[in-house]
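Novice: Sharing a structure, written as structure tokens. Questions coming.
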Amino acid sequence: MHHIYFSELGAVHLFCALASLALGLVVLLLRKGTRLHRAIGLCYVMAMLAVNGSALMLYHMTGHFEVFHVLALVSLSGIVSGVAAAIFRGNNWLHSHYRSMSFSYVGLLAAAAAEAMVRVPALHVHSTAMGIAIGVAMAVLFGIGGSIAVRRLKPSVLASIPSGARS
């Protein structure tokens, strides 16, 4: 029987990705700056570290380092940047934290969509040219959509943060 994952590491990657999707959504919906936001946010960060760490160890598709590994490194840098901003609280830390963490979730959604194209039989792409075209279209869509969503949500999100949590 063919499984949706190919190994135990693939199963860990899948489980942590699903956990990240759920935890990230909860963090986005919560009031910011609260203990609950920080606790669930920390769980999100840990799950994302596991997702990206496991992604960097998965080579079953081609047997070598490829674009998905580069994207995992980009994701890791965003997560580290967002967490560092919240810990060190330098100039404009809140904006940096918000932007980094928001785009980490947008990237996670993009990765989930790409994974669905690979794993869900009804969505399989059977030509390289079509695969590249869909990949470029998804990147543009998530890039533009993510930018719009982050800009539109920012005022309401930042307004929900207690003033004591901002400094």
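What follows draws every value from the coordinates through simple rules; no lab data is involved. As the structure is a computational prediction, the values presented were derived from the model and not from experiment. Ideal geometry is used to build each Cβ from the backbone, glycine not excepted, and the neighbour counts take in all protein chains shown.
Novice: Test of understanding: express the Cα radius of gyration of the range 36-79 as a ratio to 2.2 N^0.38 Å, with N the residue count.
Specialist: On the way: Rg = 12.3 Å, N = 44, 2.2 N^0.38 = 9.3 Å.
Rg over 2.2 N^0.38 Å, computed on Cα atoms: 1.33.
Novice: What number do you get for the range 77-145 when its Cα radius of gyration is normalised by 2.2 N^0.38 Å, N = residues? Write out the running numbers ahead of the final one.
Specialist: Numbers: Rg = 15.9 Å, N = 69, 2.2 N^0.38 = 11.0 Å.
Cα-based Rg divided by the globular estimate yields 1.45.
Novice: Compute the length gained on full extension between residue 65 and residue 42: take 0.36 nm times their separation in residues and subtract their Cα-Cα distance, giving the result in nm to one decimal.
Specialist: On the way: separation 23, 0.36 × 23 = 8.28 nm, distance 2.87 nm.
Here the answer is 5.4 nm.
Novice: Calculate I(q)/I(0) for the range 5-66 by the Debye formula, one identical point scatterer on each C-alpha and no solvent, and give its log10 at q = 0.25 Å⁻¹ to two decimals.
Specialist: These q points yield log10 I(q)/I(0) values of -0.94.
Novice: Still on this structure: Add +1 for every Lys or Arg and -1 for every Asp or Glu among the other residues with Cβ under 14 Å from the Cβ of residue 27, and state the total. Write out the running numbers ahead of the final one.
Specialist: Values: positive: 31, 32, 35, 38; negative: none.
Neighbour charge sum, excluding residue 27 itself: +4.
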